[in-house]
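Undergrad: Pasting a structure here, questions to come.
The values are calculated or read from the model by the stated rules, or taken from the named source; none is laboratory data. Everything numeric here is computed off the predicted structure, so don't read it as measured data. A quick note on method: Cβ atoms are made from the backbone with ideal geometry, for glycine too, and the neighbour counts reach across all protein chains shown. Please note that ligands, DNA and RNA were not included when accessible areas were found on the heavy atoms of the full protein model with its side chains. Shrake-Rupley method; radii C 1.70, N 1.55, O 1.52, S 1.80 Å.
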Amino acid sequence: MHVSDGELKEFIIDSGLVAKKDLDAAADEAREKSKSIGEVLVSRGNISEDALRRIQAYVLGIPFVNLKEHHIPTEVLSLIPEPIARTHNIISYKKNEDSLEVAMLDVDDLASIDSVHKKTGLKILPRLTDTESIKSALIQYQKSLKDEFGDIISTEAGKISAVGEGNKDLSGDDLKKMAEDLPIVRIVDTLLRHAIVQGASDIHIEPMEAEVLVRYRIDGILHDAMTLPKTAAAGIVARIKVLSNLKLDEKRLPQDGRFKIETESERVSFRVSLMPTFYGEKTVMRLLRETGEGFTLEVLGLHGESMERIHKSLSETTGIVLISGPTGSGKTTTLYTMLDILNQPDVNISTIEDPIEYQIPRVNQTQVNPAIGFTFANGLRSLVRQDPDIIMVGEIRDGETASLAINAALTGHLVLSTIHTNSAAGAIPRLIDMGVEPFLIASTVRVVVGQRLVRRLCNNKEEYTLDATTRAKIASEADFDAAFNALKDEKLLNGGGINDLHFYRPVAEAENVDGYKSRIGIHEVLAVSPAIRDIILHSGTSDSLEDQARKEGMLTMLQDGLYKAARGITSIEEVLRTINE
């Protein structure tokens, strides 16, 4: 089913949707570029994609459906799995006796129609819809899944026997039997899948005096997810130990493990940490999504001069690139993104990590094991004998590892690593504190990236402006000037001065009560210039290093946050919350 350019043009002329001169210009461009008039009109902004779909539906005689205010029954919605609906933009919304009406963005997608037909055994009746309708239906998926999970948790929790409650002397066989108990298996499976659906990065299962608290970390913020009866505690921990291949009868010492599960849409690895507490073992699981698309520096939030400095350092064949920041600031993701850029057929890349968080094709990844004496330092000492061009050290934690990394950089390797400091400039004094000579730091470190993660605003946000007085309470005039100049340099301003800058506040939505969804980095990139090198040689403080870097055009994390707030990516409140943590 296809609308010809002639039919489309005739309808638009009759309806008066587009001025004739614009339509003629679009027709000329369509002929020159061998495109359809519809594509050109959309690209020129004369009509929206959704308006074009409505026109096509009318001309072809296909019903157009609006799902935005339409509640779809769960049993009908679930006929098409959520990952399929999201990937192929197809929603089942009405089931008849022998047919199923589906809303689509592309009714010519015969493969999707055939797939749904085979799955349901029903005759498929395609209907056109718009992107907002698809989005609202996908939100309904999330709500119905949450309800389903809540029902399962409450139902299965009531079936758990009181065996093991308060009994710390259960044998391994008893615990294994509890781990295989059907209600426990269903509860743990539901907790894991619920966390994936919610987009959580961590799951905390915390035993308390009278209950078990489950919390999810979503976009960096911990949220209470549910409470379970105390009787479930031993069984849940036992089940997670079985999945992670850990010792069932060891409850006095911390344990670390790992396991994977697959959903219809992705494969997720869970990094497990168990820690004895007063009321039992606390479990924390980090979710590592393995099937997501690779990141780029732009997607991470880098831009302009900051990104150019990183690309320049990655083009070097020797030296050290450091990523600094506290735990949970996205250092590892940035490190892997850089490795992905460097991962070419003509180089040998080796890593030493604790733990290996993502598997990368063609990269030789090794995990440390301190229990048998295989530390970062020992691993790095062996790695340099493996003829690597590029070495990634998961973290520089001590003087020995720092010295070996410096030595590797001096002997013809590009070294990437992370270090725990609060700012990019703070990484240099930290290395000196570890015992590394300043002249070695000055000759090997190429760039230090400091970063934090801030939550992104949803599309529905409130615009406002700040006067000079309010700006002064938030940050210095120099900070706002730096953000304003960055916007100007990247041609993201439509004239006006700093007083005309617009900022944005979150607006609560049904699916996102706080008005935020997902996260992005704010960065400061300190390149080691001759002037910075001179300060390092004289054992300068982090303040003097940062002052010089700012003179050379470095945006601090606060300034980068203000830049992103002015672009509507995040809010000033979120930037200040993250910077001041």
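Undergrad: Does residue 455 satisfy the condition of being in contact (Cβ under 8 Å) with a residue 24 or more places away in the chain, open to solvent by 60 Å² or more (accessible area, probe 1.4 Å) and in a strand (DSSP E or B)?
TA: Numbers: in contact (Cβ under 8 Å) with a residue 24 or more places away in the chain: yes; open to solvent by 60 Å² or more (accessible area, probe 1.4 Å): no; in a strand (DSSP E or B): yes.
In short, no.
Undergrad: Look at residue 295 and say whether it is assigned to a loop (DSSP other than H, G, I, E, B), in contact with a helix residue (DSSP H, G or I) (Cβ under 8 Å, 6 or more places away or on another chain) and either open to solvent by less than 40 Å² (accessible area, probe 1.4 Å) or without any contact (Cβ under 8 Å) to a residue 60 or more places away in the chain (or both).
TA: On the way: assigned to a loop (DSSP other than H, G, I, E, B): yes; in contact with a helix residue (DSSP H, G or I) (Cβ under 8 Å, 6 or more places away or on another chain): yes; either open to solvent by less than 40 Å² (accessible area, probe 1.4 Å) or without any contact (Cβ under 8 Å) to a residue 60 or more places away in the chain (or both): yes.
Yes: the conditions hold for residue 295.
Undergrad: Hey, could you check the range 90-112 for residues that are of a type in the set (A, V, I, L, M) and part of a loop (DSSP other than H, G, I, E, B) and say which is surrounded by the fewest Cβ atoms within 10 Å (Cβ to Cβ)? Spell out the reasoning first.
TA: If we filter the range 90-112 for residues that are of a type in the set (A, V, I, L, M), which is where we start, we get 90-91, 100, 102-105, 107, 110-111.
When the remaining residues are screened for being part of a loop (DSSP other than H, G, I, E, B), the result is 105, 107.
On the way: 105: 18, 107: 21.
Taking the candidates together, the pick is 105.
Undergrad: Let me ask something else about it. For the range 485-569, which fully contained helices (runs of 4 or more DSSP H) count at least 1 residues that are aromatic (Phe, Trp, Tyr)? Reasoning before the result, please.
TA: Numbers: elements: 530-537, 542-551, 557-566.
Once the helices (runs of 4 or more DSSP H) in the range 485-569 are filtered for at least 1 residues that are aromatic (Phe, Trp, Tyr), what remains is 557-566.
Undergrad: Has the range 555-565 got any residue that is under 23 Å from residue 431 (Cβ atoms) and surrounded by fewer than 15 Cβ atoms within 10 Å (Cβ to Cβ)?
TA: no
Undergrad: Quick check on my filter: what residues within the range 243-264 are within 23 Å of residue 197 (Cα to Cα) and in contact (Cβ under 8 Å) with a residue 12 or more places away in the chain?
TA: Of the range 243-264, the ones within 23 Å of residue 197 (Cα to Cα) are 243-244, 257-264.
Result: 243, 244, 257, 258, 259, 260, 261, 263, 264.
Undergrad: Which one of these is under 28 Å from residue 430 (Cα atoms), among the acidic types (Asp, Glu) and out of contact with any helix residue (DSSP H, G or I) (no Cβ under 6 Å at 6 or more places or on another chain): 266, 262, 305? Write out each step before concluding.
TA: Numbers: 266 fails: under 28 Å from residue 430 (Cα atoms); 262 fails: under 28 Å from residue 430 (Cα atoms).
Within the list 266, 262, 305, the selection yields 305.
Undergrad: Considering (1) assigned to a helix (DSSP H, G or I); (2) open to solvent by less than 10 Å² (accessible area, probe 1.4 Å); (3) over 18 Å from residue 338 (Cα atoms), say which one residue 409 fails and leave the rest.
TA: (3)
Undergrad: Right, next: Out of 263, 277, I need the residue that is open to solvent by less than 40 Å² (accessible area, probe 1.4 Å) and among the polar types (S, T, N, Q). Which one?
TA: Values: 277 fails: open to solvent by less than 40 Å² (accessible area, probe 1.4 Å).
After applying the criteria, what remains is 263.
Undergrad: Taking the range 526-549 as the search range and keeping residues that are within 14 Å of residue 447 (Cα to Cα) and of a type in the set (D, E, K, R), which one is least open to solvent (accessible area, probe 1.4 Å)?
TA: Per the criteria, the residue is 546.
Undergrad: Which numbered condition in (1) open to solvent by less than 30 Å² (accessible area, probe 1.4 Å); (2) of a type in the set (A, V, I, L, M, F, W, C); (3) free of Cβ contacts under 8 Å to residues at least 60 places away in the same chain is the only one that residue 384 fails?
TA: Going through the list (1) open to solvent by less than 30 Å² (accessible area, probe 1.4 Å); (2) of a type in the set (A, V, I, L, M, F, W, C); (3) free of Cβ contacts under 8 Å to residues at least 60 places away in the same chain, residue 384 breaks only (1).
Undergrad: Please go through the range 356-385 and give me each residue that is hydroxyl-bearing (Ser, Thr, Tyr) and not in a strand (DSSP E or B), ordered by number. Walk me through how you get there before you give the answer.
TA: Initial filter on the range 356-385 (hydroxyl-bearing (Ser, Thr, Tyr)): 358, 366, 375, 382.
358, 375, 382 - these are the residues of the range 356-385 that are hydroxyl-bearing (Ser, Thr, Tyr) and not in a strand (DSSP E or B).
Undergrad: Something else: Taking the range 470-493 only, how many residues are surrounded by 13 or more Cβ atoms within 10 Å (Cβ to Cβ) and farther than 13 Å from residue 563 by Cα?
TA: The total comes to 2.
Undergrad: Next up: Go through the residues of the range 77-98 one by one and say whether even a single one is farther than 22 Å from residue 122 by Cα and of a type in the set (A, V, I, L, M, F, W, C).
TA: Within the range 77-98, not a single residue is farther than 22 Å from residue 122 by Cα and of a type in the set (A, V, I, L, M, F, W, C).
Undergrad: Continuing with this model, one more query. Of all residues in the range 38-89, which are loosely packed, with under 14 Cβ neighbours inside 10 Å and of a type in the set (Val, Ile, Thr)?
TA: Correct list: 87 only.
Condition check ((1) part of a loop (DSSP other than H, G, I, E, B); (2) open to solvent by 30 Å² or more (accessible area, probe 1.4 Å); (3) in contact with a helix residue (DSSP H, G or I) (Cβ under 8 Å, 6 or more places away or on another chain); (4) farther than 17 Å from residue 178 by Cβ) across all residues:
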position: 217; (1), (2), (3), (4): no, yes, no, yes
position: 223; (1), (2), (3), (4): no, yes, no, yes
position: 228; (1), (2), (3), (4): no, no, yes, no
position: 232; (1), (2), (3), (4): no, no, yes, no
position: 236; (1), (2), (3), (4): no, no, yes, no
position: 241; (1), (2), (3), (4): no, no, yes, no
position: 249; (1), (2), (3), (4): yes, yes, yes, no
position: 253; (1), (2), (3), (4): yes, yes, no, yes
position: 257; (1), (2), (3), (4): no, no, yes, yes
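Undergrad: Determine which single condition residue 303 fails, assuming it passes every other condition in (1) under 26 Å from the mean Cα position of the chain (by Cα); (2) open to solvent by 50 Å² or more (accessible area, probe 1.4 Å); (3) more than 15 Å from residue 448 (Cα to Cα).
TA: (2)
Undergrad: Just one of 428, 352 is among the β-branched types (Val, Ile, Thr), under 20 Å from residue 327 (Cα atoms) and part of a strand (DSSP E or B); which is it?
TA: Details: 428 fails: part of a strand (DSSP E or B).
Unique residue meeting the criteria: 352.
Undergrad: Within the group 343, 364, which residue is open to solvent by 40 Å² or more (accessible area, probe 1.4 Å) and under 17 Å from residue 417 (Cα atoms)?
TA: Values: 343 fails: open to solvent by 40 Å² or more (accessible area, probe 1.4 Å).
Answer to the selection: 364.
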